[in-house]
Amino acid sequence: MKFVFSAAKDKLNRASHDGLSLADANKLDLDTLVTRPDTSYAYGEDRWIGFARMRDDARLYTIVFVELSDEESRVISLRKATSN
């Protein structure tokens, strides 16, 4: 799966999440990805929240995304996972 994103959203994500770029979503080890529907709000689209490790990092990350096709998803947020 390939993750795509807008440059404006990437800039906001880097400012909000310790410089973490949405481009880093393409480094996630998808074999470790666990997802569930994000039903926090009525977004008007089917959003997913997931947890996975980076291929080169043992730390757990949280990703929010929308599936565009079987091969491509749009990243909304990527951040380090916390216990909260």
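The values are calculated or read from the model by the stated rules, or taken from the named source; none is laboratory data. Please read all numbers here as calculations on a predicted model, not as lab measurements. Here Cβ is always computed from backbone atoms with ideal geometry, including for glycine, and neighbour counts include all displayed protein chains.
Could you tell me which residue of the stretch 30-84 is farthest from ASP10 (Cα to Cα), considering only residues that are of a type in the set (Phe, Trp, Tyr) and over 12 Å from the mean Cα position of the chain (by Cα)?
Of everything passing the filter in the stretch 30-84, TYR41 is farthest from ASP10 (Cα to Cα).
The rows are residues; the columns are (1) β-branched (Val, Ile, Thr); (2) touching a Lys or Arg at 6+ places or on another chain (Cβ under 6 Å); (3) modelled with pLDDT of 95 or more; (4) at positive phi.
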site: ALA7; (1), (2), (3), (4): no, no, yes, no
site: SER16; (1), (2), (3), (4): no, no, yes, no
site: ALA23; (1), (2), (3), (4): no, no, yes, no
site: ARG55; (1), (2), (3), (4): no, yes, no, no
site: THR62; (1), (2), (3), (4): yes, yes, yes, no
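Could we say that SER6 is within 15 Å of VAL75 (Cα to Cα), among the small types (Gly, Ala, Ser) and surrounded by fewer than 14 Cβ atoms within 10 Å (Cβ to Cβ) here?
Judged against the criteria, SER6 is a match.
Within the stretch 36-67, restricting attention to residues that are surrounded by 15 or more Cβ atoms within 10 Å (Cβ to Cβ) and touching a Pro at 6+ places or on another chain (Cβ under 9 Å), which residue is nearest to ASP18 (Cα to Cα)?
ILE49
Considering only residues that are under 12 Å from TYR61 (Cβ atoms) and outside any loop (DSSP other than H, G, I, E, B), which ones fall in the stretch 14-25?
Within the stretch 14-25, LEU22, ASP24, ALA25 meet the criteria.
Would you confirm whether any residue within the stretch 14-24 is of a type in the set (Lys, Arg), under 18 Å from LYS80 (Cβ atoms), in contact (Cβ under 8 Å) with a residue 40 or more places away in the chain and in contact with a Leu (Cβ under 9 Å, 6 or more places away or on another chain)?
Within the stretch 14-24, none of the residues are of a type in the set (Lys, Arg), under 18 Å from LYS80 (Cβ atoms), in contact (Cβ under 8 Å) with a residue 40 or more places away in the chain and in contact with a Leu (Cβ under 9 Å, 6 or more places away or on another chain).
Go through (1) at pLDDT 95 or above; (2) loosely packed, with under 12 Cβ neighbours inside 10 Å for ASP70 and report which single condition fails.
(1)
List the pairs whose first member sits in the stretch 32-58 and is within 18 Å of SER73 (Cα to Cα) and without any contact (Cβ under 8 Å) to a residue 24 or more places away in the chain, whose second member is among the basic types (Lys, Arg) and crowded, with 16+ Cβ neighbours inside 10 Å, and whose Cβ atoms are under 6 Å apart, counting only residues at least 6 apart or on separate chains?
THR32/ARG53
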